[in-house]
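Here the structure comes first, spelled out in structure tokens, and everything after it is commentary.
The values are calculated or read from the model by the stated rules, or taken from the named source; none is laboratory data. Everything numeric here is computed off the predicted structure, so don't read it as measured data. Cβ: placed from backbone, ideal geometry, glycine included. Neighbour counts: every protein chain shown.
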Amino acid sequence: MTVGLVYHPVYLEHDTGHHPERASRLVEIKAALEREGLWPRLHHLSPCPATEAELLNVHSPEHIRWVEGHAQQGGGWVDMDTMLSTGSYRAALFAAGGAIVAAEAVLKGDVSQALALVRPPGHHATHDQAMGFCLFNNVAVAAHALLAGGTARRIFIFDFDAHHGNGTEAAFYADPRVFFFSVHQHPLYPGTGHADHMGDGEGRGTTINVPLPPECGDEELRQVCGLMAQAARRFRPDIMLVSAGYDGHWLDGISQLQLSVSGYAQMAETIKGVAAEVCEGKAVFLLEGGYHAAALAASVVATCRVLVGEEWVDPLGPPMPCIPPDISSLLHGLRHIHGLGEGG
Ligand SMILES: [Zn+2]
């Protein structure tokens, strides 16, 4: 079966100028996929805008009107990090809608897995606030659409962006139907995602946060993926949604993680393998961060190669060797509080 791809020129209309989260990110990724011969071999899925009802599952009506109104008035800075342009509302509607289209196509079995190259990103956006380059929470809107449609009853979200997905965590913190697993650098923006934050009420135990110290690299990520796999096997979701942010690459100046293209490709292999075990291979990668053009494009290409079942290469190589932090006690503590056995 083929791998699905969501892309649309409307995503370039969120015009942020020279901001790190800029339209050229997608232009570079598209060019790399074309150069590598992958673009024509993917099953192209047409995104449509998310509906008001779909957005309201996650966001307040005031927030939706605020994004719409702010864009209509020409946009501008929202906070120190986040800006809008005239086209941002339309792009954001299509980003959330693109996430839904990708997730539904995978769940229905039209494609084996999917990659949604959407922007603006979403995982920081909360119920009533745009923040951290995010306007609407694409992955949360997609998860709610699947739940509301009755097509999925249990969803596992894996967020490997270098920053904690605070908006996604909040959307499902007390919801036992959605497992949120985040690995992120800490301390780093937005400062949330502590290891002892594990859900609330009926959702207690369905949030796992792995706050990594700076300088962690591929080996530490591999260990975290072992924990993620254990959690996913126990939860037995109908589909895995992946908040795929590539800003932990060693060349990306926004974080101090030391991941490589190889590390991202190996993680994609793990995700694909776990999905094959627990949910018939159903996995959707939704683009979040990633701000070094070459590292982002190479990481997405390698991820895509893994999904289509081909050999990948790491054109950028590993970072300078350093002594990585020891995260064994962090992982041991997480396994303990979540009742997950050692190893595996
Ligand atoms: Zn990020």
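Structural remarks
Here's the yes/no breakdown for (1) buried (at least 24 other Cβ atoms within 10 Å of the Cβ); (2) more than 16 Å from the ligand (Cβ to nearest atom):
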| site | (1), (2) |
| --- | --- |
| 185 | no, no |
| 190 | no, no |
| 199 | no, yes |
| 205 | no, yes |
| 215 | no, yes |
| 232 | no, yes |
| 245 | yes, no |
| 248 | yes, no |
| 254 | no, no |
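- Under the condition of being in contact with a Phe, Trp or Tyr (Cβ under 6 Å, 6 or more places away or on another chain), more than 22 Å from residue 168 (Cα to Cα) and of a type in the set (Val, Ile, Thr), the residues counted in the stretch 48-94 number 0.
- Residue 274 away from the ligand (no atom under 16 Å from the Cβ), touching a Cys at 6+ places or on another chain (Cβ under 9 Å) and modelled with pLDDT of 95 or more: yes
- Screening the candidates 105, 170, 96, 125 for the property of being more than 16 Å from the ligand (Cβ to nearest atom), modelled with pLDDT of 95 or more and either charged (D, E, K, R) or surrounded by 24 or more Cβ atoms within 10 Å (Cβ to Cβ) (or both) yields one hit, 96.
- Selection of the stretch 36-88 for residues being outside any loop (DSSP other than H, G, I, E, B), in contact with a strand residue (DSSP E or B) (Cβ under 9 Å, 6 or more places away or on another chain) and under 30 Å from residue 313 (Cβ atoms) yields 39, 43, 44, 45.
- Residue 111 being in contact with a strand residue (DSSP E or B) (Cβ under 8 Å, 6 or more places away or on another chain), farther than 21 Å from residue 246 by Cβ, away from the ligand (no atom under 16 Å from the Cβ) and not polar (S, T, N, Q): yes
- Residue check for residue 120: of a type outside the set (Asp, Glu) and touching a strand residue (DSSP E or B) at 6+ places or on another chain (Cβ under 8 Å): yes
- Long-range neighbours under 9 Å by Cβ, at least six apart or interchain, first residue free of Cβ contacts under 8 Å to residues at least 60 places away in the same chain within the stretch 104-132, second of a type in the set (D, E, K, R) and within 14 Å of the ligand (Cβ to nearest atom): 131/81; 132/81
- Taking first residues from the stretch 22-37 that are under 16 Å from residue 116 (Cβ atoms) and partners that are of a type in the set (Ser, Thr, Tyr), the Cβ contacts under 7 Å between residues at least 6 apart in sequence or on separate chains come to 26/11; 30/7.
- When the test is whether a residue is assigned to a loop (DSSP other than H, G, I, E, B) and touching a His at 6+ places or on another chain (Cβ under 8 Å), residue 192 passes it.
- Scanning the stretch 6-35 for residues that are assigned to a loop (DSSP other than H, G, I, E, B), within 20 Å of the chain's Cα centre (by Cα) and of a type in the set (D, E, K, R) returns 21, 22.
- Taking the listed residues 322, 304, the one that is crowded, with 24+ Cβ neighbours inside 10 Å, of a type outside the set (Gly, Ala, Ser) and more than 16 Å from the ligand (Cβ to nearest atom) is 304, with no other qualifying.
- Contact map, the stretch 78-91: residues that are more than 15 Å from residue 119 (Cβ to Cβ) paired with residues that are small (Gly, Ala, Ser), Cβ distance under 9 Å, separation 6+ or inter-chain. Pairs shown: 78/130; 79/130; 79/132; 86/71; 86/74; 86/75.
- Here the helices (runs of 4 or more DSSP H) wholly within the stretch 241-344 that include at least 1 residues being in contact with an Asp or Glu (Cβ under 8 Å, 6 or more places away or on another chain) and basic (Lys, Arg) are 293-308, 328-337.
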